[in-house]
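Undergrad: Dumping the structure here so I can ask a few things about it.
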């Protein structure tokens, strides 16, 4: 007998084998049990999650010789013919090659006749979004009011391309991506039955590469088992699937958090030398950072959502706790903003290196934030960037009289970067002349030149400026903190 690929060999023959779609299975079984069959169904979702398989199982259950049941028997002639694709009353049509309106009109005319042998006629239109607009229009009447013996089952990967007039006539079921954990368990079952040696790490790499598609994952397992002669080593799985060892991502994350650009450049060179796709490495690193973010935020199910071995999960949890969720969120934001450039650039390795080196500036910005906030010891933030030392009567009596115009704002001016977003300060307008007249001393005041920024940040200078009556008056009116003092000539 000719070899049959695992994706076809392990195609589910009853609803129990349809993994990851429990809600849809329950709905279809209840409809079969209660004999509440709709005239049309629409199955949507990504490739390889069971849409066409579910359509075939529904057709078998409707025409099983043992009567409509929650599962087909797979033993009667009707179930056997449908499985082999030889039943005249169950039509599986590829809409991509059957899209002309003339073909659809011929089909609708033939569907009005009673089934030849089976109990019901079932039409499975795969990739129904490929039909033309005129072909959809030709289907409208028979889909809405079909003969009692007819059931339509549409399947599509692009539901947004299906007209609303068709959607409104169907019962719609959306097939979700199969979670990685369920895929790993399913692949382990197949590997055991087919005498394939594969470790849990290799199966996790396959499930992640399958991106939630059962067919893609099983096909990858088949390919790797053929390559390895019945075994799937972790190294072969990582090399053939383009996946990288998480130890490399761990080193990259530690280097970014430490600001170690030399190590990051070496890791990028290692990725390039081994022939890995830098774009794929970047996407996998984002997944790794997402896992770190989940672990840093905590929660009872955080570890369950992370698709890593137990020891690697514990190490990542420790790193994430030391980094903090805020810094990991900033790091993810920075890298995501660079993703479009990395996708389009002709030198992806260089782009990856620049992205990682830019991310390694995070520790410097964190240190700057702490310095602006008054240090990491929780002291009062430094919110004054420049003050003029104002004293009354310290200049020549012949000097012209001046009034002070005090400017205040709430909060400090924090440099705005991709990694350290800040809130713009609210500028306060100068106090009205009446307020200045009440708050100012009777004697005419003059000022000294504005000192250098280093002198303006002296705690004594800041405290003295904050005690000035004019400053206190403005703070009383507007609130906030003193930001700067600037003397101007009155008109």
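Bear in mind these aren't lab numbers, they're just calculated from the coordinates by the rules spelled out. None of the values given here were measured: they were computed from a predicted structure. Heads up, the Cβs are rebuilt from the backbone with ideal geometry, glycines too, and the neighbour counts pull from every protein chain shown.
Undergrad: Rank by packing, highest mean first: peptides 214-225, 164-175, with packing defined as the count of other Cβ atoms within 10 Å averaged across residues.
TA: Ranking the peptides 214-225, 164-175 by packing returns 214-225, 164-175.
Undergrad: Would you order 154, 227 from fewest to most other beta-carbon atoms within 10 Å of each residue's own beta-carbon?
TA: 227, 154
Undergrad: Extension gain residue 5-residue 345, at 0.36 nm per residue separation less the Cα-Cα distance, in nm?
TA: Once the chain is fully extended between residue 5 and residue 345, it gains 118.6 nm.
Undergrad: Rank by packing, highest mean first: peptides 110-118, 43-51, with packing defined as the count of other Cβ atoms within 10 Å averaged across residues.
TA: Ranked from most to least packed, the peptides come out as 43-51, 110-118.
Undergrad: Using the basic label-point model (7 angstrom from Cα toward the beta carbon), what is the residue 329 to residue 14 distance in nanometres?
TA: It works out to 4.9 nm between the two label points.
Undergrad: Mind ranking 232-239, 121-128 by how tightly packed they are, going by the mean number of other C-beta atoms within 10 angstrom, highest first?
TA: Details: 232-239: 17.6, 121-128: 24.9.
Descending mean neighbour count gives 121-128, 232-239.
Undergrad: Then there's this: For an R0 of 60 angstrom, estimate the FRET efficiency from the Cβ-Cβ distance between residue 314 and residue 34 and round to the nearest 0.05.
TA: Numbers: r = 49 Å, r/R0 = 0.82.
Using R0 = 60 Å, I get an efficiency of 0.75.
Undergrad: Still on this model: Suppose the chain between residue 226 and residue 144 were pulled fully straight at 0.36 nm per residue; how much longer would it get relative to their current alpha carbon spacing?
TA: 24.7 nm is the gain from fully extending residue 226 to residue 144.
Undergrad: Subtracting the Cα-Cα distance from 0.36 nm times the residue separation, let me have the gained length for residue 287 to residue 270 in nm, one decimal.
TA: 4.2 nm
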